[in-house]
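Notes follow the structure.
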Amino acid sequence: MVEVKELWKHKVGGGVEGLAISLDGELVLVAAQDSVLHLLDKTGKFLWSLPMEGPITSIDITSSGGQIAAGLKSGAIMFLDKSGKVLWKHDTREEILSVAISRNGKYIIAGTAGNSIHFIDSTGKLLWKRKTEGRVPSVAISSSANYVAAGSDDSSVYFMDNYSTNMGGKNVWTNQVKGKVKEVAISTDGFYTAASSSDASVYFYDKLGKLYWTHKLENAIASLAMSSPGDFVVAGTEGGAHPGQVSLFHKNKGLEWRYITGDATVGAVDISSTGAFMAAGSQKEELFLFHRNQKLVWKQQVDGWVDAVAISPDGKFTIAGTKKGHVYLFDNSHAVNELRGKTEDDVNLEFNLFKTPTRMPARQGEKAVPAAPAQVAAAPDTDDREETSDSAVQPGMLMIVDIIMLVMLGMFAAVGYFIWDKKIPVEAGVFMIILLAVITAILFYLRNSVTKSIRSRKRRKMH
């Protein structure tokens, strides 16, 4: 296991109920059991501490850390700025079970114990409200709020489209699962949704509601998180008849691996932006860091059950909160730097989650998923990832290949003329024609490959 460094440890009143971190890892939001909301910087300095009007049930923070949302047991949704100033309060009169804020800070989604989903803009205006047949313990929102997902005790996963309805919240699909929905997660572009249910199953959908796969674990699922593009999902299970474990899933393959953490429940998990690193905390008072290809990176003993964790988008920092009220910050940068080259695909850890690929690749062995109909068309929820240097080179390469092929055709004609004119022996001429044919075939293959690559990029942009 690689080196890990504890940067700081603080005590807050009561246990830690929730944690959230800004995109750059500079700000840490902490909800404490004594109904106080804290904002700290990366050095461990308390920027402010603000008492709320009752227990805090859920929190979230924007990418920049400029806006904060907090849901209260009293039914209030509080919206604050970076300085701790309360910008507005929206009273739902129903206990808030979950809140999520869009990364641009313009919209908030909340699920309540009163069987409802509330969608609010940054001015505090209720844009829409949807009723379900059960409590709504989990909600998720895409980067620009074009799509939202919610999980309910009525055994349903709900997916709402704001993009084609001018933030009207049209219910595009509702899928039934076995057992109550415990948690939902959504990719930043809204193309993928994951859900866990009380029957210990994980479900993975695309934005058309198509079920890619489902996987049943040995014990009930206590925690769930998804990487920004939706490529990876991590889940932590309860202890009991079977030991607690951390499981990693791939969007196309399903279960990649699982790691047994011990007898205790894995009550909290989080995953870095690209899905390269995962943090998990257990009720055995242990904190874990995993790499998606190398599994366990390090394990650290802490003081108290770990039921709240957060990892910075680049994977370099892990925050943990315990039931005894301790908040820890660990430096993972040594592990990130050491394992960067061991990640199978691109681990250029992005610091702008608004640049995630808006694509929907087919599962192995299946036809490509068709383009979404108009009501769920691909939204500009996130900008396309910047093209690599290869995409700029390919059109020029295609032109060069075409020119060379024209030259080859000219050489074919020249060799044929020289054979006819008896300026070269027939045997030599035939040999030259065969050689030119081989080179031309290679050029045809190269041209076809480049053309397919360019068309593939265009299709991804269209989707």
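What follows draws every value from the coordinates through simple rules; no lab data is involved. It should be emphasised that the depicted structure is a prediction, and the values quoted were computed from it without experimental measurement. Here the Cβ is made from the backbone with ideal geometry for all residues, glycine too, and neighbour counts use every protein chain on show.
With only Lys, Arg, Asp and Glu charged, each at its Cβ (+1 for the first two, -1 for the last two), find how big the charge dipole of the chain is about the Cα centre; round to the nearest 20 debye. Show your work: numbers first, answer last.
Numbers: 51 positive and 49 negative charges, 199 e Å.
In debye, rounded to 20, the chain gives about 960.
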Original post:
Just going by the charge dipole of the chain, with Lys and Arg at +1 and Asp and Glu at -1 on Cβ, which of Pro425, Tyr328, Leu97 is farthest out on the positive end?
Top reply: Pro425
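I need the peptides 427-435, 248-256 ranked by packing, meaning the mean over residues of other C-beta atoms within 10 angstrom, with the highest value on top. Please list the in-between numbers first.
Details: 427-435: 13.2, 248-256: 17.6.
Answer by packing, highest mean first, reads 248-256, 427-435.
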Subject >> 21 Å Cα-Cα reach of Lys85 towards lysines, excluding residues that sit fewer than 8 places from it in its own chain >> reply: Lys42, Lys45, Lys73, Lys106, Lys125
**OP:** Give the residues of the stretch 197-226 whose amide nitrogen is closer than 14 Å to a point set 7 Å from the Cα of Ala241 in the direction of its Cβ.
**Re:** 199-201, 217-221
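Relative contact order for the stretch 132-289: what is it in percent, counting Cα pairs under 8 Å that are at least 6 residues apart?
Values: 473 pairs, mean separation 21.7, N = 158.
Relative contact order of the stretch 132-289: 14 percent.
At 0.36 nm per residue, minus the direct Cα-Cα distance, what do Leu47 and Ile403 gain on full extension? Give it in nm, one decimal, please. Each step should come with its number before you reach the end.
Values: separation 356, 0.36 × 356 = 128.16 nm, distance 6.39 nm.
Between Leu47 and Ile403, full extension yields an extra 121.8 nm.
Using helices alone, I'd like the mean residue ellipticity at 222 nm for the chain: each DSSP H run of four-plus residues gives -39500 (n - 2.57), total over residue count, nearest 500.
Details: 3 runs with 76 residues, N = 463.
The helix-only estimate for the chain comes to -6000 deg cm²/dmol at 222 nm.
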**OP:** Obtain the nm distance between the two label points defined at Leu296 and Ile424 by a simple spin-label model: each point lies 7 Å from its Cα along the Cα-to-C-beta direction.
**Re:** 6.9
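Listed highest first by mean packing, meaning other Cβ atoms within 10 Å per residue, what order do 209-219, 63-73 come in?
Packing proxy ranking, top to bottom: 63-73, 209-219.
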Original post:
In percent, what relative contact order does the chain have, based on Cα pairs under 8 Å that are 6 or more apart in sequence?
Top reply: 11
**OP:** Report, by chain and number, residues whose modeled amide H sits under 5 Å from the one on Trp88, excluding near sequence neighbours (fewer than 5 apart, same chain).
**Re:** Phe79
**OP:** With a Förster radius of 30 Å, plug the Cβ-Cβ distance of Lys131 and Asp91 into 1/(1 + (r/R0)^6) and report the FRET value to the nearest 0.05.
**Re:** 0.95
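Normalised by the residues of the stretch 93-182, what does the relative contact order come to in percent, with Cα pairs under 8 Å and at least six apart? Before the final figure, lay out each step's value.
Details: 241 pairs, mean separation 19.3, N = 90.
RCO, the stretch 93-182: 21 percent.
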Subject >> Long-range amide H partners of Trp8 with built H, under 5 Å >> reply: Leu329
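Need the full-extension length gain, Thr165 to Arg258, defined as separation in residues times 0.36 nm minus the C-alpha distance. One decimal, nm. Mind dumping the intermediate values first?
Values: separation 93, 0.36 × 93 = 33.48 nm, distance 4.04 nm.
Value of the extension gain: 29.4 nm.
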Original post:
Once amide H atoms are built 1.01 Å from N in the peptide plane, which residues 5 or more positions from Ala268, or in another chain, come under 5 Å H to H?
Top reply: Gly281
**OP:** Would you mind checking the tilt of helix 426-462 against the longest principal axis of the Cα atoms of the chain, expressed as 0 to 90 degrees and rounded to 10?
**Re:** 20
Subject >> Degrees, to the nearest 10: 389-420 long Cα axis against longest axis of the chain >> reply: 10
